[in-house]
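Where a number appears in this text, it was derived from the coordinates with a stated rule and is not lab data. Just so you know, these numbers come straight off a predicted model, no measurement behind them. With ideal geometry, Cβ positions are generated from the backbone for all residues, glycine too; neighbour counts draw on all protein chains shown.
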Amino acid sequence: MNTLQNKIDFVVLIAVNMANANGDPLNGNRPRTDYNGFGEMSDVCIKRKIRNRMQDLGQEIFVQSADRKTDDYNSLSERAKGLLKGEKDPEKYANKACKTWLDVRSFGQVFAFKADSVSVGVRGPVSIHQAVSVSPVEIQSIQITKSVNGDPSEGRSSDTMGQKHFVRFGLYEVKGSVNIQLAEKTGFSEEDAAILKECLRTLFVNDASSARPDGSMEVYRLYWFRHNCKNGQYSSAKVHRSISVKQKEPDRIPSSVDDYEIVVEELPGLTPEIIEGE
């Protein structure tokens, strides 16, 4: 596998339509918003979806969710011990972990398990920003009723009331980068970068749930910037700013991507690959 030699920056535009993009468990699972009403998706949420897509594409993943396990290990410590075979040398431990799992050589990982008597930290080359909506989002809630009694010992009737929350419409922007110096350390390759690109393009494939019905979450467009050198022709911040998304009518509540104007500022010598989402 060829280690990546060119810095990469990317911007993903995600359209959310009548869905809970990322619920906040400390706020009744309402969609995350900041104090100004802009919608948010945590970087942890986005990385989880990328990991799931990596698994769908046949890649070995260290941080697996319980409902997507592909092995018999019940915890991260068990998986590390079972597959790293008790390696004690920190450098060899990190190298073996990076070779074994794509998410480790992508995002990094802290291995600090008492059973292994080893503490190893791996810094990954792929960084993902928290996603933020381009404009404030409108949160709606509906009352729902349980039609069955799940546990008679709780003393609740079958008509227990609850609430379901969703974003009426929002256009979210995800920014990220791939650092070459760290890619060289973890062995993140050209092939890995291609997998990452495909994961971002198809981020919500096999991700449907009652909070996110099929078709309610969509990768609208992916902007993929591949620099011609290791350090990058421009800073990541400048590259990310080159994608400008503004409402066509600021006084109107947006209801679709068509309500926005998307402009790509020209950066001499660096033209993004523009990829339509799945």
Over the chain, what is the mean sequence separation of C-alpha contacts under 8 Å (at least six apart), divided by residue count, expressed as relative contact order in percent? 31
With the chain treated as a Gaussian network of Cα nodes joined by springs under 10 Å, which of ARG53, ARG68, ARG212 yields the largest mean-square fluctuation? ARG68
Contact order normalised by length for the stretch 1-114, with contacts defined as Cα pairs under 8 Å and 6 or more residues apart; what percent is it? 17
Could you work out the pair-distance distribution P(r) of the chain from its alpha-carbon pairs, with 5 angstrom bin width and percents rounded to whole numbers? 1, 5, 11, 14, 15, 14, 13, 11, 7, 5, 3, 1, 0, 0
Report the equivalent ellipsoid semi-axes for the stretch 1-145 in whole Å, largest first, defined as the square roots of five times the eigenvalues of the gyration tensor built from alpha carbon atoms. 34, 19, 14
From fewest to most C-beta neighbours within 10 Å, the residues LYS114, LYS96 line up as LYS114, LYS96
Set the bar at 23 Å for Cα to Cα. Now go through LYS49/LYS85; LYS69/LYS185; LYS7/LYS238; LYS96/LYS175; LYS92/LYS114; LYS7/LYS81 and name every pair that lies beyond it. LYS49/LYS85; LYS69/LYS185; LYS96/LYS175; LYS7/LYS81
